[in-house]
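I have placed the structure first, in the form of structure tokens, so that the comments after it can refer back to it.
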Amino acid sequence: MREEVRAYFRAAVSRSRRFERREFHEFRRWLESTRNLVHLSVVLFVPLLVGLVTLVANATNLSFLLFPPLASGAYLLFAHPEERYSSPLRFVAGLTVGALCGWLAIELTDLFYAGGPESVHAPSAALAMLLTGAATWAFSIEEPAAFSTALLAVVDDAPGFSYVLSIAVSSLLVAGVFVLWHRRVYRHRARYLYQSTKGDDHVLVPMRGDHADATASFGARIAAAHDAGKVVLLDMVESPDVATDGGTEMEASTATKTHASHLEAYAERIEKTMDVPCEVVVIERGAESPATTALGAAREANCDLIVTPYERADGRTASFVTSLFRTDMDVIAHRSADGRTDWSRVLVSVRRASDVAHSMLDFACRLTGRSGKVSLCHCIDNEHERRDAESMLAELVETFTERIETRVAHGPIEEFLADASSRQNLLMLGASADRSAVSRLLSPATFQRLHDIECDVAIVDRRYRPLERE
């Protein structure tokens, strides 16, 4: 009884850990969208900064009038970190100049205007706005919140020049946190969030089809981009127990040696031309499926990416490829058009900003190197979607140091890719594995609808991978 309780407890703990890892993975995928990361930063940092400024205000008797413009300015910084008005220097200078103009407006109107019973003098308010507009324009420090700091300064209880100092000190505090966040987190979000920059450097290539050599070169170039990269060439032969030609065990062993000799010769060429370690594995396959055998070989060789030749059967994607797409391994299905072994012009097609989109860009940059050209595209159905599409593509390329062209096309994706393929060496797109069964039934994946493509095609599938396997 005691053993049964322990077994039940261990099973419950194991299920709980798998659930936690899955939830963590989903949260990480959600966070890999730049927009979601920015929104989360706004939710976290703006309240914390306002709370910190409140502590400072209580300790130093700073004016609480600074809170409205400070909060709105902080939101603008974190919510739009790459836009024109999201400059920490403009933020500090604009708020401070606005407060200074408001204080000067009070001093000047006190000299020439006796005032009445009203709490806020109309000439002071008008002069504060005039001075702020002129100053921010003259010094090119346009800051919307500057007009707030100027107007708040003209209320009766504004504490004179100390109000200006309060704005300066508090805005410097907010700007300092923003600069730290921008330099340490936002600029390097790919390093912290996207797994593709850390993995996919041990590549298994099943040698299948007429252009297996080209696919092996494809996988080798991806692996060679990382110092720790390696390539494993896999070939599978029938074992004597399942052979259909009546061959003997000795004949099967001879076939294995022949396959291994052929792979070793090609592995030597890969190591020589691409400067990446290349191993050879020949497996006598039993009753299990080829996809299961390939997956087992990848795990045994400690590979985190499978690059396989694309295969079709009966007018659709072959079961070997679709079975690999259903595993927890990253997979690229490479369809070679003419057996080429280098790719200097790569077009990446994306539906949305995601870890798959980032991975495709990462792979494209590895393939093209420093001298090649990578283009990123997205197709829209109407012009109202153009601005959001351009913003989405910009967010993706911001995480890369390479120069990446972005294109937003209006029209069917199949027509655009067919036309663009004549000017590219490789077209890269996702496997749409995150779509529902109903969605795939109503509209097949893009790569299944492509016709008349003149260049190579690479279909990228990234799946949920447990942080630790049970």
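The values are calculated or read from the model by the stated rules, or taken from the named source; none is laboratory data. These numbers come from a predicted model, not from an experiment. FYI the Cβ positions are ideal-geometry reconstructions off the backbone, even for glycines, and counts take in every protein chain you see.
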- Query: In region 352-385, how many residues are in a helix (DSSP H, G or I), closer than 25 Å to ARG189 by Cα and not polar (S, T, N, Q)?
  - Reply: 12
- Message: Here is a check on your reading of the model: is THR341 among the β-branched types (Val, Ile, Thr), in a loop (DSSP other than H, G, I, E, B) and under 19 Å from ALA216 (Cα atoms)?
- Response: yes
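Matching residues to (1) at pLDDT 70 or above; (2) in contact with a strand residue (DSSP E or B) (Cβ under 8 Å, 6 or more places away or on another chain); (3) not hydrophobic (A, V, I, L, M, F, W, C):
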residue: TYR8; (1), (2), (3): no, no, yes
residue: SER41; (1), (2), (3): yes, no, yes
residue: LEU44; (1), (2), (3): yes, no, no
residue: THR60; (1), (2), (3): no, no, yes
residue: PHE67; (1), (2), (3): yes, no, no
residue: LEU89; (1), (2), (3): yes, no, no
residue: CYS101; (1), (2), (3): yes, no, no
